[in-house]
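A.B. asks: Next up is a structure, given as structure tokens.
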Amino acid sequence: MPDTVLPAGETLMDRALRRVTGLWRDMADRVGTREADNLDIAAQMRACLAGKGGEVSARGRAALLATAYRSLPREERLAFLRTLAGFDADPKSVEGAIAAWSAAPDPAARAAAKVQMRRALEAPRIRLLQQFAAIPDGMRLLVDLREDLLRAAEGDPLLGALEADLRGLLAAWFDVGFLELRRIDWNSPAALLEKLIRYEAVHRIESWDDLKNRLDSDRRCYAFFHPRMPEEPLIFVEIALVKGLASSVQALLDPTADVLDPTQADTAIFYSINNCQRGLDGIAFGNFLIKRVVEVLGREFPNLKQFATLSPVPGFCRWLSKREEAGDATLLTPDEANAIRAASGAAPEVAPLTALHLMLGRRNLDAAANKALEAALTRLCARWVAVEAGRDPKRAADPVAHFHLSNGARVERVNWRGDTSEKGMRESAGLMVNYLYDPAFIEDNHEAYVGEGKRAMANGVKKLLKA
């Protein structure tokens with residue numbers, strides 16, 4: 001990794017942002033536009049839409065608006081967004097286009113009227129967003145702008161309409177056909193490695209040594225990039241090349257473990273997938289990323305026989321707590337309830353689920369208590385990922401399960417004590433799940449789940465559900 005010396009308190013991201021903002025100011029100065037401070041935002045937006053001058057002038061005006069937006073504190077950006085959202089379609093033009101379409105005497109006239117209607121319905125703010133996209137680093141600006149919109153748009157129809165317009169543009173501009181898959185390794189630029197540390201949300205990267213371990217010769221990291229954001233990963237996946245299915249993320253990330261010759265590995269474990277850009281939420285990359293990486297690894301290592309994940313179960317403990325609060329007496333079998341009650345030492349009047357919850361909070365459990373917890377929680381976790389549904393009865397309630405099942409994976413195995421970190425215990429009771437991607441069945445599994453809600457699962461998981 002190259003050495004990088006920065007002023008105290010400044011990150012590589014801060015320096016890049018200063019560079020871009022300076023570039024925007026230079027563009028605005030070259031065409032004689034005013035300073036961003038005290039700028040009349042609405043007037044500047046009208047000037048952008050008026051389009052006086054050539055392309056250089058148009059970009060200068062858009063760059064001044066971008067500078068103004070970047071300079072605003074986050075809490076003051078709402079007024080900017082409301083002003084932008086206000087540049088909506090003209091109601092009279094829309095009504096006239098509808099009337100012309102209704103009065104059209106023949107198919108040819110109706111076709112021409114439809115074209116005019118589409119033009120009338122297009123909000124001028126879309127042209128403003130397109131002008132932002134044309135300036136240097138403008139695509140990143142729009143992604144950040146949507147991130148701000150997602151925070152503010154709920155319950156606000158005007159901002160919701162702006163968010164919908166921007167989402168449509170970004171979905172087209174970030175189509176997977178435009179994305180580049182790149183491997184990230186220890187020789188990648190320091191700025192990119194710093195971003196991996198910042199964006200890793202599944203298993204926190206504790207240090208540069210931790211990151212180096214995750215990028216060793218028996219590890220791989222791949223990310224999607226957009227040509228207009230070449231230094232910003234959109235989503236990345238971390239992979240361990242191992243023998244057999246991994247059952248513990250602590251063992252997988254152990255810096256003292258021997259480094260395996262990757263040509264001897266028979267399994268690729270996808271243990272962390274991270275979306276990096278909040279402003280691209282709802283624009284799917286993950287399913288394409290996994291499938292592309294499976295293809296790449298399969299070509300590099302023909303000896304790989306299995307492609308699987310080691311995944312968290314983030315909604316599991318919340319679900320158990322809700323069932324406890326609801327007084328569910330059916331979740332545990334009679335044998336599980338008796339074993340939990342006996343192992344916990346709880347009073348007879350204490351509900352079994354409450355006794356289970358109390359045991360989860362204890363650090364040192366004896367063999368009987370561990371055995372009782374493992375039997376009950378492993379079965380309940382299998383039920384959570386392979387049976388329980390949310391509002392849509394065809395969709396798995398657990399978001400990670402839904403992601404992998406919709407991508408064509410199958411629920412392969414539930415792992416006791418798969419993640420003993422504080423976060424793993426708090427969210428998943430320490431459990432992790434292997435989802436297996438079998439290239440021969442990915443499409444069939446995907447179609448069955450998306451079309452009929454059928455969840456593919458291994459025989460071992462089916463046995464747990466019957467227990």
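The values are calculated or read from the model by the stated rules, or taken from the named source; none is laboratory data. Computed from a prediction, not measured in an experiment: that's the story for all the values here. Reconstructed Cβ throughout: ideal geometry from the backbone, glycine too, with neighbour counts over all protein chains shown. Surface areas here come from the heavy atoms of the whole protein model, side chains and all, with no ligands, DNA or RNA. Shrake-Rupley method; radii C 1.70, N 1.55, O 1.52, S 1.80 Å.
A.B. asks: How large is the direction-averaged shadow of the alpha-carbon convex hull of segment 90-147, in nm²?
C.D. replies: Value for segment 90-147: 5.0 nm².
A.B. asks: Using the alpha carbons of segment 98-198, what is the convex hull volume per residue in cubic angstrom, as a whole number?
C.D. replies: Cα-based convex hull of segment 98-198, divided per residue, equals 147 Å³.
A.B. asks: So what's segment 275-408 giving for Cα Rg divided by 2.2 N^0.38 Å, two decimals?
C.D. replies: 1.36
A.B. asks: Over all pairs of distinct alpha carbons, what does the Kirkwood formula give as the hydrodynamic radius of segment 364-414, in Å?
C.D. replies: 12.2
A.B. asks: If you don't mind, another one. What does the charge dipole of segment 78-150 about its Cα centre add up to, to the nearest 20 debye, if the Cβ of each Lys and Arg holds +1 and the Cβ of each Asp and Glu holds -1?
C.D. replies: Using Cβ point charges on Lys, Arg, Asp and Glu, segment 78-150 gives about 200 debye.
A.B. asks: If you don't mind, another one. Using the crude model of +1 on Lys and Arg Cβ and -1 on Asp and Glu Cβ, and no other charge, please compute the dipole size for the chain relative to its Cα centre, in debye to 20.
C.D. replies: Here the size comes out at about 780 debye.
A.B. asks: DSSP loop trypsin sites (Lys or Arg not before Pro) in segment 191-274 with at most 15 other Cβ atoms within 10 Å of their Cβ, which ones?
C.D. replies: Hits after loop and neighbour filter: Arg204, Lys243.
A.B. asks: Next question, about the same structure. Considering only protein heavy atoms, what per residue accessible area in square angstrom results for the chain with a 1.4 angstrom probe?
C.D. replies: 49
A.B. asks: Around Asp258, what is the net charge, scoring Lys/Arg as +1 and Asp/Glu as -1 over all other residues with Cβ under 11 Å from its Cβ?
C.D. replies: Net charge around Asp258: -4.
A.B. asks: Do any GluC sites (Glu not before Pro) in segment 378-441 lie in a DSSP loop with no more than 16 other beta carbon atoms within 10 Å, and if so, which?
C.D. replies: Those satisfying the criteria are Glu388.
A.B. asks: Which percent of the accessible heavy-atom area of the chain goes to carbon and sulfur, probe 1.4 angstrom?
C.D. replies: Here carbon and sulfur together make up 52 percent of the probe-accessible area.
A.B. asks: Relative contact order (percent) for segment 168-250, with alpha-carbon contacts under 8 angstrom and 6 or more residues of separation?
C.D. replies: That works out to 31 percent.
A.B. asks: Please report the projected area of segment 37-134's Cα convex hull averaged over all directions, in nm².
C.D. replies: Hull-based average projected area comes out at 7.6 nm².
A.B. asks: May I pose another question? I need the GluC sites (Glu not before Pro) found in segment 282-382, filtered to DSSP loop residues with at most 14 other beta carbons within 10 Å of theirs.
C.D. replies: When the GluC sites (Glu not before Pro) of segment 282-382 are filtered for loop state and at most 14 Cβ neighbours within 10 Å, Glu349 remain.
A.B. asks: Additional query: With the radius of gyration and the Kirkwood radius both derived from the Cα set of segment 163-244, what is their ratio Rg to Rh?
C.D. replies: Rounded to two decimals, Rg over Rh is 1.04.
A.B. asks: How about Lys195: which lysines have a C-alpha closer than 19 Å to its C-alpha, ignoring those fewer than 8 places off in the same chain?
C.D. replies: Lys212
A.B. asks: When the Cα centres of segment 240-313 and segment 167-205 are compared, how far apart do they sit, in Å?
C.D. replies: Centre-to-centre (Cα) distance: 16 Å.
A.B. asks: With only alpha-carbon pairs counted, each pair once and no self-pairs, how large is the Kirkwood hydrodynamic radius of segment 389-467 in angstroms?
C.D. replies: 13.2
A.B. asks: Working from Cα positions, state the angle (0 to 90°, nearest 10) between the long axis of helix 286-300 and the longest principal axis of the chain.
C.D. replies: 70
A.B. asks: Ok, one more. Could you pull the Cα extents of segment 292-346 along its three principal axes, largest to smallest, in whole Å?
C.D. replies: Largest to smallest, the principal-axis extents are 55, 21, 17 Å.
A.B. asks: Sticking with this structure for a sec: In terms of the ratio Rg/(2.2 N^0.38 Å) built on C-alpha atoms, what value belongs to segment 206-342?
C.D. replies: Working it through for segment 206-342, the quotient is 1.36.
A.B. asks: Let's see if you can work this out: charge +1 on each Lys and Arg Cβ, -1 on each Asp and Glu Cβ, no other charges. What is the dipole magnitude of segment 341-389 about its Cα centre, in debye to the nearest 20?
C.D. replies: Around 80 debye, computed over segment 341-389.
A.B. asks: Taking the dipole about the Cα centre of the chain, with the C-beta of Lys and Arg at +1 and of Asp and Glu at -1, give me whichever of Ala68, Ser207, Phe301 is farthest to the positive side.
C.D. replies: Sorting the options by dipole projection puts first Ala68.
A.B. asks: Let me ask something else. Toward the positive end of the charge dipole of segment 267-343, about the Cα centre and with charges on Cβ (Lys, Arg +1; Asp, Glu -1), which of Gly286, Tyr271, Ala342 goes farthest?
C.D. replies: The listed residue farthest towards the positive side: Gly286.
A.B. asks: Using the C-alpha gyration tensor of the chain, what are the square roots of 5 times its eigenvalues, in whole angstrom, with the largest one first?
C.D. replies: 48, 29, 23
A.B. asks: Expressed in nm to one decimal, what extension gain is obtained for the pair Val450 and Lys463 from 0.36 nm per residue of sequence separation less their Cα-Cα distance?
C.D. replies: Contour length minus the Cα-Cα distance gives 2.3 nm.
A.B. asks: From the helices alone, meaning DSSP H stretches of at least four residues, give me the mean residue ellipticity at 222 nm for the chain, per-run term -39500 (n - 2.57), in deg cm²/dmol to the nearest 500.
C.D. replies: So the helix-based figure for the chain works out to -16000 deg cm²/dmol.
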